[in-house]
2 protein chains.
Amino acid sequence: MQLSSEGLSKHEAVYRALREAIVNGRYGPGDRLVLSVIARDLDVSPVPVREAMRRLEAESLVTFERNVGARVNTLDGEAWEQLVEMLALLDGYAVVRAQRRITPAALDEAQELNDALRDQAAGPTDHERVMSLHRRFHRVIYACGDNEYLIESLDSLWDRIDASRVLASEYPAKRLASAVDEHDDLLRQLRARDVSPAELERCTRQHSLNAILAIRGRLR
Amino acid sequence: MQLSSEGLSKHEAVYRALREAIVNGRYGPGDRLVLSVIARDLDVSPVPVREAMRRLEAESLVTFERNVGARVNTLDGEAWEQLVEMLALLDGYAVVRAQRRITPAALDEAQELNDALRDQAAGPTDHERVMSLHRRFHRVIYACGDNEYLIESLDSLWDRIDASRVLASEYPAKRLASAVDEHDDLLRQLRARDVSPAELERCTRQHSLNAILAIRGRLR
DNA sequence: GACGCCGGAATCGTATACGATTCGTCGAGG
DNA sequence: CCTCGACGAATCGTATACGATTCCGGCGTC
């Protein structure tokens, strides 16, 4: 692991490095995060590492056990579903907010990302790329919603979901194909501008909840 | 300030003490949190205090400025409205989840809290008590929703809103009276069980958004 | 052979120490 | 009297040190 050493304080650099490693799966659920090891790896003292880990703890990415140490958080099936349910809620609302504000440029960008996603669905699955495209697609729309806290919460939720590795390991190719179609529908609705907000929200929520249905039963 | 010294690690105790002080307004928005001062106050070294503050930072209750120090977060009018808008979203959903699960006991408890709130609305306003009753009312309902992350997020949102002191200083007595009536309506709807979830959600959302309307203009 | 106890290694939690940065103030020069 | 610079106090950020707790493996006993 390496520190991006651009005038950041060390705890900040450690924080970013650890977070990135957890969200991208280089540390998986249940993995131990030993202070002294990480400190040696990154060539800092344990103090800033502890600060970084406290922040990660507050974000529910890691869990501390007193006098034992920290581990990357693990989600059981139920917890995972509850998280995605919240994602569905926030995402649905973000889309409604975006409905009135979205620009043609943003619509085009989202369309491109979804087209790229469709290509991925056709070929052999590169999970990392799929997850990245998928998130970027949704994030383009969130950005139009123009509510900083909403975006922040959505990012945090996505990070926790990514960190759980459930999507990376259990997302069926078949579901991806459906998701791409649902994205197209969503963009159509946003372009048309004649869909009622309530209907748009209901529909978008369902899109997220479909991920639960597609994966339910695969966990545990 | 004092530490509740029950087998907690020191950073945990400091964290709770600081958080409580911020949410209850003993530290107000913009107040400085000087490490060495707090450490001396609580009779610990600065190290655990820093850990506690990093957690508070991650929860957006305080903001650090490098080499300068930490302050209790300040919300401008727009940020405050965005937060309450998110509260409306989550709260509305929590109520819908609670609709199917709520017990007569919970309904009674909520009714008692709202009755107490009505008493407060009549007499001279004790803001702290009003805020406490109000939160407890909503929390009883959240608990029935049975989604741990939803509850966690709602608590975190309420803490940020309380910490901003906007409600404590700007909530009009008139609005409190209306809110009490809306609470009664909500309980009626929950008891009746014949309201559609969509309608219940719309209605509950509006209840939270009314707080924005009541306060808009008073800020800044 | 199974069980429990003991001791050392690993790791955490906190205190202390100290260099680095910022901010305010005071004095000199204009 | 105002402006600018320099110095000192306050505060932060990080390293190091060390006691406390937990974990684990080996040894003795039954």
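We did not get these values from a lab; they are worked out from the coordinates using the rules stated. All figures in this text were calculated on a predicted structure; none of them were measured in a lab. No Cβ is skipped: glycine too gets one built from the backbone with ideal geometry, and neighbour counts run over all protein chains shown.
Choose one of B:Val68, B:Leu89, B:Leu3: the residue whose Cα lies farthest towards the positive end of the charge dipole of segment B:1-107 (beta-carbon charges +1 Lys, Arg; -1 Asp, Glu; about the Cα centre). So the residue we want is B:Leu3. Each other copy places its own label point for A:Val34 at 4.1 nm from this one, sorted shortest first, where the point lies 7 Å along the Cα-to-beta carbon line.
Electrostatic bookkeeping for A:Ile102 treats Lys and Arg as +1 and Asp and Glu as -1; over the other residues with beta carbon under 12 Å from its beta carbon, the sum is +2. Between B:Ala122 and B:Arg191, the FRET efficiency estimated from the beta carbon spacing at R0 = 25 angstrom works out to 0.55. Under a no-solvent Debye model with one identical scatterer per Cα of the protein assembly as shown, what's log10 I(q)/I(0) at q = 0.09 Å⁻¹? The computed values of log10 I(q)/I(0) come out as -0.65. For the segment B:143-151, counting C-beta atoms of other chains within 10 Å of every residue's C-beta and taking the mean gives 3. For peptide A:198-206, the mean count of partner chain Cβ atoms within 10 Å of a residue's Cβ comes to 1. When A:Met131, A:Met1, B:Met86 are arranged by Cβ crowding within 10 Å, least crowded first, meaning fewest neighbours, the order is A:Met1, A:Met131, B:Met86.
Alpha-carbon geometry of segment A:14-77: the Rg and the Dmax are 10.9, 37 Å, given in that order.
Per DSSP helix of 4 or more residues, -39500 (n - 2.57); summed, then divided by the residues of chain A. What does that give at 222 nm, rounded to the nearest 500? Before the final figure, lay out each step's value.
Working: 10 runs with 158 residues, N = 220.
Estimated from H runs of four or more residues: -24000 deg cm²/dmol.
Label point of B:Asp185 (7 Å along Cα→beta-carbon): distances to the other copies' equivalent points are 3.3 nm, sorted ascending.
Multiplying each eigenvalue of the alpha-carbon gyration tensor of chain B by 5 and taking the square root yields semi-axes of 34, 19, 16 Å, largest first, rounded to whole angstroms. Each copy carries a label point for A:Asp146 at 7 Å from Cα along the beta-carbon vector; from one copy to the others these points are 4.1 nm apart, nearest first. Computed over the Cα atoms of segment A:1-130, the ratio of the radius of gyration to the Kirkwood radius (Rg/Rh) comes to 1.07.
Would you mind giving the mean number of other chain beta-carbons within 10 Å of the Cβ of each residue in B:81-90, as a whole number?
4
Of the Cα atoms belonging to segment B:148-217, the radius of gyration and Dmax stand at 13.8, 38 Å.
Between A:Thr74 and B:Ser4, how high is the FRET efficiency from 1/(1 + (r/R0)^6) when r is the Cβ-Cβ distance and R₀ = 30 Å? Nearest 0.05.
On the way: r = 30 Å, r/R0 = 0.98.
With R0 = 30 Å, the Cβ-Cβ based efficiency is 0.55.
Quick one: if the Förster radius is 30 Å, what FRET efficiency do B:Glu109 and A:Arg202 give, using the C-beta to C-beta distance and rounding to 0.05? All intermediate terms of the calculation are to be shown ahead of the outcome.
Working: r = 32 Å, r/R0 = 1.05.
So, using R0 = 30 Å, E works out to roughly 0.40.
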